[in-house]
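A.B. asks: Pasting in a structure now, in structure tokens, and then I'll have a few things to ask.
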Amino acid sequence: MAKLGPEELKRAHEELRKDARQRVAKRGVLQFRADPELILTILSMADEKVIPAGRMLRQWVEERVELEKAITQSPDLLERLSVLEETVSYLQKKVK
């Protein structure tokens, strides 16, 4: 078996990485590690919302991905969102 040069090795690595990501995407399962305290907090929050933890986490990830896309496409969005959050907080205090 012939040795691969640096560029060939890099290309082979990228191709393997791309194939592995496609297999993960096709399977539809993405795993991650978290400390026990965070896991218990997530499970407790899901119980409070009466939804499965996986569904809640998926919603959170989807929301964050959409936010990141929007920030990339419209950098001033983060500033506008901050102003909106401050306004909502102010109005909530006034209503109470």
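A.B. asks: Can you tell me how many residues within the range 1-40 are of a type in the set (D, E, K, R), surrounded by 10 or more Cβ atoms within 10 Å (Cβ to Cβ) and in a loop (DSSP other than H, G, I, E, B)?
C.D. replies: 0
A.B. asks: Condition test on ARG80, is it surrounded by 10 or more Cβ atoms within 10 Å (Cβ to Cβ) and modelled with pLDDT of 95 or more?
C.D. replies: On the way: surrounded by 10 or more Cβ atoms within 10 Å (Cβ to Cβ): yes; modelled with pLDDT of 95 or more: no.
In short, no.
A.B. asks: For the range 41-53, give me each residue that is in a helix (DSSP H, G or I) and exposed (fewer than 10 other Cβ atoms within 10 Å of the Cβ). Before the answer, list the steps.
C.D. replies: Of all residues in the range 41-53, those in a helix (DSSP H, G or I) come to 41-49, 53.
Once the filter is applied, which keeps residues that are in a helix (DSSP H, G or I) and exposed (fewer than 10 other Cβ atoms within 10 Å of the Cβ), the range 41-53 yields only GLU48.
A.B. asks: Report the residue count in the range 50-73 for those that are more than 21 Å from GLN31 (Cβ to Cβ) and modelled with pLDDT of 95 or more.
C.D. replies: Taking the range 50-73 as the starting set, the residues that turn out to be more than 21 Å from GLN31 (Cβ to Cβ) are 50, 66-67, 69-73.
In the following step, the residues that additionally are modelled with pLDDT of 95 or more were identified as 50.
Matching residues across the range 50-73 total 1.
A.B. asks: Could I ask something else about it? Considering every residue within the range 68-75, establish whether at least one is surrounded by fewer than 10 Cβ atoms within 10 Å (Cβ to Cβ), out of contact with any Asp or Glu (no Cβ under 7 Å at 6 or more places or on another chain) and β-branched (Val, Ile, Thr). Give the steps one after another, and end with the answer.
C.D. replies: Step one: of the range 68-75, the residues surrounded by fewer than 10 Cβ atoms within 10 Å (Cβ to Cβ) are 72-73, 75.
In the following step, the residues that additionally are out of contact with any Asp or Glu (no Cβ under 7 Å at 6 or more places or on another chain) were identified as 72-73, 75.
Next, only the ones that are β-branched (Val, Ile, Thr) stay: 72.
Yes; the residues of the range 68-75 include at least one that is surrounded by fewer than 10 Cβ atoms within 10 Å (Cβ to Cβ), out of contact with any Asp or Glu (no Cβ under 7 Å at 6 or more places or on another chain) and β-branched (Val, Ile, Thr).
A.B. asks: If you go through the range 84-96 one residue at a time, do you hit one that is surrounded by 10 or more Cβ atoms within 10 Å (Cβ to Cβ), more than 20 Å from the chain's Cα centre (by Cα) and outside any helix (DSSP H, G or I)?
C.D. replies: No, the range 84-96 contains no residue that is surrounded by 10 or more Cβ atoms within 10 Å (Cβ to Cβ), more than 20 Å from the chain's Cα centre (by Cα) and outside any helix (DSSP H, G or I).
The values are calculated or read from the model by the stated rules, or taken from the named source; none is laboratory data. Since this is a predicted model, take the numbers as computed values, not measurements. With ideal geometry, Cβ positions are generated from the backbone for all residues, glycine too; neighbour counts draw on all protein chains shown.
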